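What follows is one structure encoded as structure tokens, with my remarks underneath.
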Amino acid sequence: MEFFIDTAIVDEIREINAWGVLSGVTTNPSLIVASGRDFREVIGEIAELVPGGAISAEVTALDAEGMIKEGREVAAWHKQVVVKLPLTPAGLQACKTLTSEGIKTNVTLCFSVPQALLAARAGATYISPFAGRVDDTGWDGMQLIREIKEAYVMGDIGTKVLAASIRHPQHVVQSALNGADVATIPYKVFIQMIKHPLTQAGLDAFMKDWAGRQGAGPATPPSEAGTNPVRKEG
């Protein structure tokens, strides 16, 4: 499963991309507004940070004609742009037209398998089921991910399942186990994923042993002391 980061904050993208784990970035109008930045400028910076990665940029028009016009404009900003469209009749119409022109699309705000099947038929490159928001309604967001993937496999459909509205690390784990091709993950969840108390405890123990090696003092460079660790009693 590939990892995208769900943000429009360039500093967050830069930090997580430095880990070597990102395959793309998703943005939406709310994230762009929160960033306080110019939309096109942000997309250009993201493309420089994540070369070759898919960058979802969402249209704001509500009618098909407006979506198609805006989608063409956004796609022209950079070859990595994936045009993000809402799962509405107008969005499906725009998806069909843009796909026929060779423009990649991400159909978003998906909450059911029938919706996902319609988006795939319209040619969507990615379908974005919102797992966390489904959970909020009392239904199982991960069951939705699983059923969409199963339907796509049975139908030999190439649209990629992009698990969205990820709220915590277990959402990432369950997305992978239920067949998602991609998970788009907020910055704070990436930070939660990398941390574990046993990892830190183990590192602290290793460094304590290293500091106590033969011939070492508080200010001794590692190259100027012996390499045999000395355990202190008590």
(request) Could you go through the stretch 16-32 in sequence order and give the Karplus-derived ³J(HN,Hα) for each residue, using 6.51 cos²θ - 1.76 cosθ + 1.60 with θ = phi - 60°, rounded to whole Hz, and x for Gly and Pro? (result) 6, 4, 5, 6, x, 10, 8, 10, x, 9, 10, 10, 8, x, 5, 5, 5
(request) Report, to the nearest 10°, how far helix 39-49 tilts away from the longest principal axis of the Cα atoms in the chain, using its own Cα long axis and a range of 0 to 90°. (result) 40
(request) Keeping every protein chain in place, order Lys149, Lys160 by accessible area at 1.4 Å, biggest value first, i.e. largest first. (result) Lys160, Lys149
(request) For n ≥ 4 DSSP H runs only, could you compute -39500 (n - 2.57) per run for the chain, divide by its residues and tell me the 222 nm figure to the nearest 500? (result) -14000 deg cm²/dmol
(request) Kindly rank 172-183, 72-83 from highest to lowest mean number of other beta carbons found within 10 Å of each residue. (result) 172-183, 72-83
(request) Taking Rg/Rh (Cα atoms, Kirkwood Rh) as the quantity of interest, determine which of (1) 0.97; (2) 1.08; (3) 1.15 was computed from the displayed structure. (result) (3)
(request) With everything on Cα atoms, drop me the angle between helix 89-100 and the longest principal axis of the chain, reported from 0 to 90° to the nearest 10. (result) 80
(request) Compute the accessible area per residue over the stretch 63-185, keeping the other protein chains in place, probe 1.4 Å, unit Å². (result) 45
(message) If you restrict to DSSP beta bridges whose two residues both lie in the chain, what percentage is antiparallel, to the nearest 5?
(response) 5
(request) Could you work out how far the C-alpha centroid of the stretch 83-111 sits from that of the stretch 1-24, in angstrom? (result) 24
(request) Could you work out the Kirkwood radius for the stretch 54-146, taking every pair of different alpha carbons, averaging 1/r and inverting it, reported in Å? (result) 13.2
(request) State, as an integer percentage, the relative contact order of the chain based on alpha-carbon contacts under 8 Å between residues 6 or more apart. (result) 15
(request) Run the accessible area of the chain with a 1.4 Å probe and give the carbon-and-sulfur part as a rounded percent. (result) 56
(message) With angles folded into 0 to 90 degrees, how steeply does helix 141-154 sit against the dominant principal axis of the chain? Use alpha carbons for both and round to 10.
(response) 60
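The values are calculated or read from the model by the stated rules, or taken from the named source; none is laboratory data. Owing to the predicted nature of the structure, the values given are computational and were not obtained by experimental measurement. Methodologically, a virtual Cβ is constructed for each residue, glycine included, from the backbone with ideal geometry; neighbour enumeration extends over all protein chains shown. Heads up: the accessible areas ignore ligands, DNA and RNA and are worked out on the full protein's heavy atoms, side chains in. Shrake-Rupley method; radii C 1.70, N 1.55, O 1.52, S 1.80 Å.
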